[in-house]
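Input: a single structure, listed below in structure tokens.
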Amino acid sequence: MRTLPANDGLHSAEAFHAEYLRNFFLLADRADKNGSEIADALRGKVIATVFEEPSTRTRLSFESAALKLGAGVITVADPRTSSHTKGESLRDSARTVGGYADLIVWRHPHDGASRLAAQFSGLPVINGGDGRLGHPSQTLVDLYTLYKDWGSFEGKTVGILGDLLHGRTARSLAWGLSLVGARIVILPSPGLAWEEGLERRLLDRSRYRLRRVRHPLFLAWSGKEEAQMFEPRDLRQADLFPSHVPDLEKLDALYLTRLQKERGATSKQGAYAGIQIHQLKDPLIKDALILHPLPRCEELPVAVDDAPGARYFEQTRLGPVVRKALFLSLLGPEKFSLPTLTPLPVGDPDAALGPCPNRNCISAGEDIPVPWRVEGHSFRHFLCAFCDTALPVEYAGCRSTRRLHPIHSPSVMRILPENLRPFLERNEAQKEGYVWTEA
Ligand code: NCD
């Protein structure tokens, strides 16, 4: 089993880990001071920003960061000016831009685009937002903003509110928070909850558990008084088997997101989860930091701007700081390097598993076989290596014993990931000489 190169940029917040984040925050502190050690650190480098969806903060903060480090910038700021509108594939665009720059920041409407762009450009690519999948540099901004206030995430509880189904910043933040040990309260607007698979993967990867908590404000936001809370498994035993669903006393931060209309999101009966100014008096959020990746719509009234906990313009201020640190870590001298991100193993490309079921996956229309990866401590989950969508694998064989098992059989958990050979159908496996066993 190969692994995707760990230094091929930044595609997903899943690849962060506690040590990376600790070191990243220290590097961001250095970037915030803007001392002479970083001025001109990237002189002679060219950074390309290719934005195939609208952006104000993300693109400009990346470009500001690049210029402050002495790098040159080339850009596609308006998708209508790129060859994508003439029908060019991302593969061909990536190959082309790969010859013009040293690093690319790519924003794209399709899930998994940044991984494909890195593969075909041969350069480090930073995901500037891909479809509804992820926005990891925004997560670094969000986490760094919280870190500046808190110093540590231990014991902190963060509510994530709004369009969780389509919002890439919320999805990435959940991964990020699960790596620093914070509790996460999931507050989807009605009808806009995450797909089930994501929660399962988060639980499995982070060694978190799920618990229900309640609060009257949740009813106004999510249409239910109860919400799911992710928390580290090693919390107090007394909390493990609560006989009732406890009230949540307070949130340390509340992260709001807008309804992602451009991704087809609609709010049920026009109601979309947001805060109202009078709710800021409620003990649940009275002292909470209020974050939002912006742009905002009605979910975050302007009147909240004066609240002591409002941090969204601090997030925008920290955007270029965080992006300076990212550039330094990926392109700068050795003294700025960070611990390697967690590599995501990718399965054998010959074992094609058919098209990805996600119609918004970048593989659709790019005419390339879908690479897969496998993960799971407590189950084996086969995913599209571009967009993380579960693939409909029904059988798994072991390459060394040539025995074939149904996917849910406990025997599959005993096969080393590098020996796993997934199949969609039994007869394909039998053609390759795998022998069927019931367990
Ligand atoms: C977000 C994005 O584009 O995903 N904005 C941002 O990058 N600051 C959030 C959004 O558009 O809602």
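The values are calculated or read from the model by the stated rules, or taken from the named source; none is laboratory data. Here the structure is a predicted model, which is why all the values come from computation and not from measurement. Counting neighbours? That spans all protein chains shown, and the Cβs are built from the backbone with ideal geometry, glycine included. Quick note on the areas: whole protein, heavy atoms, side chains included, nothing else; ligands and nucleic acids left out. Shrake-Rupley method; radii C 1.70, N 1.55, O 1.52, S 1.80 Å.
One compactness figure for the stretch 300-439 is 1.54, namely its Cα radius of gyration divided by 2.2 N^0.38 Å. Using the alpha-carbon positions of the stretch 45-197, Rg (one decimal) and Dmax (whole number) come out as 16.9, 51 Å.
For the stretch 1-86, the equivalent ellipsoid derived from the Cα gyration tensor has semi-axes of 25, 21, 13 Å, listed largest first. With the convex hull drawn around the C-alpha atoms of the stretch 371-439, the volume per residue stands at 80 Å³. Accessible surface ranking for Ser378, Ser61, Ser337, 1.4 angstrom probe, highest first: Ser378, Ser337, Ser61.
Peptides 94-100, 325-331, 224-230 ranked from most to least packed by the mean count of surrounding Cβ atoms within 10 Å: 325-331, 224-230, 94-100.
The fraction of accessible area contributed by carbon and sulfur in the stretch 1-126 is 50 percent, rounded to a whole number (1.4 Å probe; ligands and nucleic acids excluded). Computed on protein heavy atoms with a 1.4 Å probe, the accessible areas place Lys148, Lys268, Lys86 in the order Lys86, Lys268, Lys148, largest first.
Computed over the stretch 52-101, the convex hull of the alpha-carbon atoms projects to a mean area of 3.7 nm². Counting only protein heavy atoms and using a 1.4 Å probe, the accessible area of Val302 comes to about 100 Å². Semi-axes of the equivalent ellipsoid for the stretch 253-295, computed as √(5λ) from the eigenvalues of its C-alpha gyration tensor and ordered from largest down, come to 24, 13, 6 Å. Counting heavy atoms of the protein chains alone, Arg402 has an accessible area of about 90 Å² for a 1.4 Å probe.
Rolling a 1.4 Å probe over the heavy atoms of the protein chains gives the stretch 372-427 an accessible area of 44 Å² per residue.
Computed log10 I(q)/I(0) for the stretch 241-354 at 0.15 Å⁻¹: -0.92, from the Debye equation with unit scatterers placed on every C-alpha and solvent omitted.
Just to be sure I follow: if Rg is taken over the C-alpha atoms of the stretch 129-226 and Rh is the Kirkwood radius over the same atoms, what is Rg/Rh? Value, to two decimals: 0.95. Of the residues Ser61, Phe51, Ser172, the one whose Cα sits farthest towards the positive end of the charge dipole of the chain is Ser172 (charges of +1 on Lys and Arg Cβ, -1 on Asp and Glu Cβ, taken about the Cα centre). Rolled with a 1.4 Å probe across the full set of protein chains, the surface gives Cys398 an accessible area near 10 Å².
The tail of the calculated P(r) for the chain beyond 43 Å holds 14 percent of all Cα-Cα pairs. Taking a straight Cα-Cα cut-off under 26 Å and skipping sequence neighbours fewer than 8 places away in the same chain, the lysines within cross-link reach of Lys268 are Lys224. With a cut-off of 15 Å between beta carbons, the residues surrounding Ser400 carry a summed charge of +2, where Lys and Arg count +1 and Asp and Glu -1. Couplings 3J(HN,Hα) for the stretch 293-306, derived from phi with the Karplus relation 6.51 cos²θ - 1.76 cosθ + 1.60 (θ = phi - 60°), are x, 6, x, 9, 10, 5, 5, 9, x, 4, 4, 6, 4, 8 Hz, where x marks Gly and Pro. At a probe radius of 1.4 angstrom, the accessible area of the stretch 206-328 per residue rounds to 51 square angstrom.
Within the straight-line cut-off of under 16 Å between alpha carbons, the aspartates and glutamates reachable from Lys335 are Asp29, Glu37, Asp40, sequence neighbours fewer than 8 places apart in one chain being disregarded.
Taking the Cα centre of the chain as reference, the dipole from Cβ charges on Lys and Arg (+1) and Asp and Glu (-1) amounts to some 260 debye.
Ranked by solvent-accessible area (1.4 Å probe, protein heavy atoms only, all chains present), the residues Asp163, Asp78 order from largest to smallest as Asp78, Asp163. Translational diffusion of the stretch 40-127, estimated by Stokes-Einstein from the Kirkwood radius over alpha carbon pairs at 4 °C in a medium of 1.567 mPa s, is 100 µm² per second. Using the 1.4 Å probe convention, the accessible area of the stretch 1-96 works out to 49 Å² per residue with neighbouring protein chains retained.
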